[in-house]
Amino acid sequence: MSKVVSFGLVLLCLVGCSADGRPERGAGSRSAAGPPANDGARCESPSPIRPWRGGFPEVGASGPGVRLWGLIMHQRGALPPRVGEELKIVWRMTGSGDLTLSMIDPGGRPAKLLWGPDPHGGSSYDRPGDEWGAGYRFTHAGCWLLRATRGGATADVRMDVAAH
């Protein structure tokens, strides 16, 4: 078997989450080299979103030496989020240092968060790491990249956003 095919099979095995909902190494992760630009279409590989025991959906990702979880909260309650809706995400990330959040639109351009990250003293969201809240509003449909960086480590979430 060629090295390229072998690498592809290994990569497929790394993608996904474990049975307990924790993101496996490689799931939703990307190096800090930068996001890929896309044509605004749906995500080729959206980050897995699962129900969490608190009733809200949860998304996860990992990067070298860090894990990231996000509890997705918005008024309509159904996913995917739609253009113009406000979305709050409670993030928990392992590691140390300040958290930097950014969002990249489907064309690869940086976009501004509505607010945050705001540190939280704690909550019932029981995942490892420290906790912050952030607000997002998506201006157009397509595949958005939500990036979290802490202490030099990065984890990315890819999220489909629907038209109105």
So Val83 and Arg137, fully extended at 0.36 nm per residue minus their Cα-Cα distance, gain in nm 18.7 nm
Among 148-157, 82-91, how do they line up from the highest to the lowest mean number of other beta-carbon atoms within 10 Å? 148-157, 82-91
Contour minus Cα-Cα distance for Thr100 and His164 (0.36 nm per residue): 20.1 nm
Phi-derived 3J(HN,Hα) across segment 90-97 with the Karplus relation (6.51, -1.76, 1.60, θ = phi - 60°), rounded Hz, x for Gly and Pro, is 8, 9, 10, 9, 6, x, 9, x
Backbone HN-Hα couplings from phi across segment 142-147 [Karplus 6.51/-1.76/1.60, Hz, Gly and Pro as x]: x, 8, 9, 10, 10, 10
Likely footprinting exposure, Cys143, Cys43, fewest C-beta neighbours within 10 Å first: Cys43, Cys143
Per-residue counts of other Cβ atoms within 10 Å, averaged by peptide: what ranking do you get for 94-105, 114-125, 63-74, highest first? 63-74, 94-105, 114-125
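Every number here is computed from the coordinates shown, using simple stated rules; none is lab data. Nothing here was measured: the structure is a model prediction, and the numbers come from that model. Cβ coordinates were reconstructed from backbone atoms using ideal geometry, including for glycine residues, and neighbour counts include every protein chain displayed.
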